[in-house]
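Student: One structure coming up, written as structure tokens, with questions to follow.
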Amino acid sequence: MNPAALHKDFISQLRKAALHSFQIIGFPTTKNEDWKYTNVIPLVKNGFEPVGAKTQLKETPHFDNIVRLKANRLVFIDGFFDASHSEIVDNNDKVIISPLGTHLENAGSAFFGTMADYNKDGFTAMNTSFFTDGAFIHIPKNCIIENPILLYFISTEGAAGNVSVPRNLVIIGENAQCSLVECHQNLSSVTAASNSVTEIALQENAGLEYSKILSRTEKYSHIGTTAIRQEKNSRLNSWSVTCGGNLVRNNLNVMFNDENCETQLFGLYVLSGNDHADNHVTVDHAKPRCRSNQLYKGIINGAATGVFCGRILVRKDAQKTNAFQANKNILLSEQATVHSKPQLEIFADDVKCTHGATTGQLDEEAVFYMRSRGISEQHAKNILHQAFAWEVIDKISNNELKDYLAYSLMIALNR
């Protein structure tokens, strides 16, 4: 049997195993501690069926400004690759930036399905069993990609009543570097949903800047899992930005598989109305001499609900670990709610670990000071909100992406 046929058989068996797990564990309920504050039953009980076929668009969607970013761009509509709006600007024969279906045989069982655990989470099991398409990215050894890679997932009227199920696999080779932007949006006027999984493998001394963005999220629900495995001396900078959403769950799981890894995890969620966003972050310090830092911030208005659950696990052999975590929130109304749950689980004795959470309101003295100098109350509050959020966004190295996020933040604050 040739390698392609062997791999096809592997994928088939993987789908069957994931379906079996899904039939056993099903979707989570609020009785599950990890889902205590996020009730997905109203989302999944009606019409949470995978989109069965590529949508035939009656007219071209009005794409968001992020597609103007100079990038290697792969566009997916309702979970299926759309070649007409995709473009590769970095020409390198050794680099693979492709829809998953085209290069699935190259993904390799050493990576695919090994980082996102379908035996523990029903949504991951569903995705593994029913994924339609997505991106396969392989940056080979010693290769540096100049322009970012943009994975742009949009929902349209064609997916109404169903859920898109994209799957991504990213392999950053030894000494390689790149920037990856994963963007999810609803460009339709109807209710839409997605259940995505992204697996990322960072090989020895690899570097990655990874941004996951949810904007234009009216009538949109998103369950997304990103699982990252880092090898020796690898470096990760990650941003998660959520600007609203009916129900959003961002799972980010990072595992250090060798020594001297470093990761910086930044998050921002800006919510209003009846939005609900749940950020669930786990950093697994499985090896010694690794460093992690988490900073997540929330701005919550109306009757919206924000959730942050950050877990740092330091295993018994992970000596010389440095791990820090902070969650800061601003509540702008009496109805706004936030649940913050920072966690440390430490089984080693030679470590430096801290965590903390704060929740409060705007400094009224600062608002008064600005108003006394001729600035309107709303403008003064917007300035303070942006300053609060800017600590997260300002650390992004790509100025075009930073400008886009600043604009998206302004839109979200004025909804």
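The values are calculated or read from the model by the stated rules, or taken from the named source; none is laboratory data. Please read all numbers here as calculations on a predicted model, not as lab measurements. Counting neighbours? That spans all protein chains shown, and the Cβs are built from the backbone with ideal geometry, glycine included. Each accessible area value is taken on the protein alone, full model and side chains, heavy atoms only, with ligands, DNA and RNA left out. Shrake-Rupley method; radii C 1.70, N 1.55, O 1.52, S 1.80 Å.
Student: Would you call K54 surrounded by fewer than 18 Cβ atoms within 10 Å (Cβ to Cβ), touching an Asp or Glu at 6+ places or on another chain (Cβ under 8 Å) and either modelled with pLDDT under 80 or among the basic types (K, R) (or both)?
Tutor: Judged against the criteria, K54 is a match.
Student: Now, a different point. Across segment 361-392, what is the total count of residues that are over 16 Å from L332 (Cβ atoms) and in contact (Cβ under 8 Å) with a residue 60 or more places away in the chain?
Tutor: 2
Student: Could you please find all residues in segment 218-228 being outside any loop (DSSP other than H, G, I, E, B) and farther than 14 Å from N250 by Cα?
Tutor: Correct list: empty.
Student: Just to check your reading of the model, which residue among T305, T358 is β-branched (V, I, T), free of Cβ contacts under 8 Å to residues at least 60 places away in the same chain and out of contact with any helix residue (DSSP H, G or I) (no Cβ under 6 Å at 6 or more places or on another chain)?
Tutor: T358
Student: Can you confirm whether F123 is assigned to a helix (DSSP H, G or I) and touching a residue at least 40 places away in the same chain (Cβ under 8 Å)?
Tutor: So F123 fits the description; yes.
Student: Further question: Tell me the residue from F130, F153 that is within 20 Å of the chain's Cα centre (by Cα) and crowded, with 23+ Cβ neighbours inside 10 Å, please. So that I can check it myself, show each step before the final result.
Tutor: On the way: F130 fails: crowded, with 23+ Cβ neighbours inside 10 Å.
Result of the check over F130, F153: F153.
Student: How many of the residues in segment 310-334 are buried (at least 18 other Cβ atoms within 10 Å of the Cβ), without any contact (Cβ under 8 Å) to a residue 60 or more places away in the chain and out of contact with any Leu (no Cβ under 9 Å at 6 or more places or on another chain)?
Tutor: 3
Student: Taking A176 as meeting all but one of (1) more than 24 Å from N399 (Cα to Cα); (2) free of Cβ contacts under 8 Å to residues at least 40 places away in the same chain; (3) among the hydrophobic types (A, V, I, L, M, F, W, C); (4) open to solvent by less than 10 Å² (accessible area, probe 1.4 Å), write down the number of the exception.
Tutor: (1)
Student: Of everything in segment 229-253 that's assigned to a strand (DSSP E or B) and of a type in the set (K, R), which residue is most open to solvent (accessible area, probe 1.4 Å)? Give the derivation first.
Tutor: As a first pass, look at segment 229-253 and keep what is assigned to a strand (DSSP E or B): 229-230, 235-243, 247-253.
This time we only want the ones that are of a type in the set (K, R), so: 229, 235, 249.
On the way: R229: 45, R235: 89, R249: 5 Å².
The qualifying residue most open to solvent (accessible area, probe 1.4 Å) is R235.
Student: Let me ask something else about it. Mind checking which pairs have a first residue in segment 91-120 that is under 21 Å from R73 (Cβ atoms) and a second that is modelled with pLDDT under 80, Cβ under 6 Å, 6 or more apart or different chains?
Tutor: Filtered contacts from segment 91-120: I96/H103.
Student: Here's something else I'd like to know. Would you check which residues across segment 194-220 are more than 24 Å from A71 (Cα to Cα) and open to solvent by less than 10 Å² (accessible area, probe 1.4 Å) and list them?
Tutor: Answer for segment 194-220, where residues must be more than 24 Å from A71 (Cα to Cα) and open to solvent by less than 10 Å² (accessible area, probe 1.4 Å): N195, Y220.
Student: (1) outside any loop (DSSP other than H, G, I, E, B); (2) over 19 Å from A110 (Cβ atoms); (3) free of Cβ contacts under 8 Å to residues at least 60 places away in the same chain: which one isn't true of I154, the others all being true?
Tutor: In the conditions (1) outside any loop (DSSP other than H, G, I, E, B); (2) over 19 Å from A110 (Cβ atoms); (3) free of Cβ contacts under 8 Å to residues at least 60 places away in the same chain, I154 misses (3) alone.
Student: Would a scan of segment 116-128 turn up a residue that is hydroxyl-bearing (S, T, Y), modelled with pLDDT of 95 or more and in contact with a Lys or Arg (Cβ under 8 Å, 6 or more places away or on another chain)?
Tutor: Looking through segment 116-128, at least one residue is hydroxyl-bearing (S, T, Y), modelled with pLDDT of 95 or more and in contact with a Lys or Arg (Cβ under 8 Å, 6 or more places away or on another chain).
Student: In segment 288-311, is there at least one residue being at negative phi, touching an Asp or Glu at 6+ places or on another chain (Cβ under 7 Å) and of a type in the set (V, I, T)?
Tutor: yes
Student: Which condition does D117 not pass, out of (1) surrounded by fewer than 22 Cβ atoms within 10 Å (Cβ to Cβ); (2) touching a helix residue (DSSP H, G or I) at 6+ places or on another chain (Cβ under 7 Å); (3) part of a strand (DSSP E or B), if it passes all the others?
Tutor: (3)
Student: How many residues, within segment 376-415, are open to solvent by 50 Å² or more (accessible area, probe 1.4 Å) and either among the β-branched types (V, I, T) or outside any helix (DSSP H, G or I) (or both)? Write out each step before concluding.
Tutor: Going through segment 376-415, the residues open to solvent by 50 Å² or more (accessible area, probe 1.4 Å) turn out to be 376-379, 381, 383, 386-387, 390-391, 394-395, 397, 399-400, 403, 407, 410-411, 414-415.
Next, only the ones that are either among the β-branched types (V, I, T) or outside any helix (DSSP H, G or I) (or both) stay: 376, 383, 394-395, 397, 411, 414-415.
Residues that pass the stated criteria total 8.
Student: Could you count how many residues in segment 254-301 are in a loop (DSSP other than H, G, I, E, B) and either buried (at least 19 other Cβ atoms within 10 Å of the Cβ) or touching a Lys or Arg at 6+ places or on another chain (Cβ under 9 Å) (or both)?
Tutor: Looking only at segment 254-301, we keep the residues that are in a loop (DSSP other than H, G, I, E, B), and these are 257-261, 272-275, 286-290, 301.
From what's left, either buried (at least 19 other Cβ atoms within 10 Å of the Cβ) or touching a Lys or Arg at 6+ places or on another chain (Cβ under 9 Å) (or both): 257-261, 272-273, 275, 286-290, 301.
Residues in segment 254-301 being in a loop (DSSP other than H, G, I, E, B) and either buried (at least 19 other Cβ atoms within 10 Å of the Cβ) or touching a Lys or Arg at 6+ places or on another chain (Cβ under 9 Å) (or both): 14 in total.
Student: Here's something else I'd like to know. Considering N92, N32, which residue is of a type outside the set (K, R), farther than 14 Å from N168 by Cα and modelled with pLDDT of 90 or more?
Tutor: After ruling out the rest, the residue left standing is N32.
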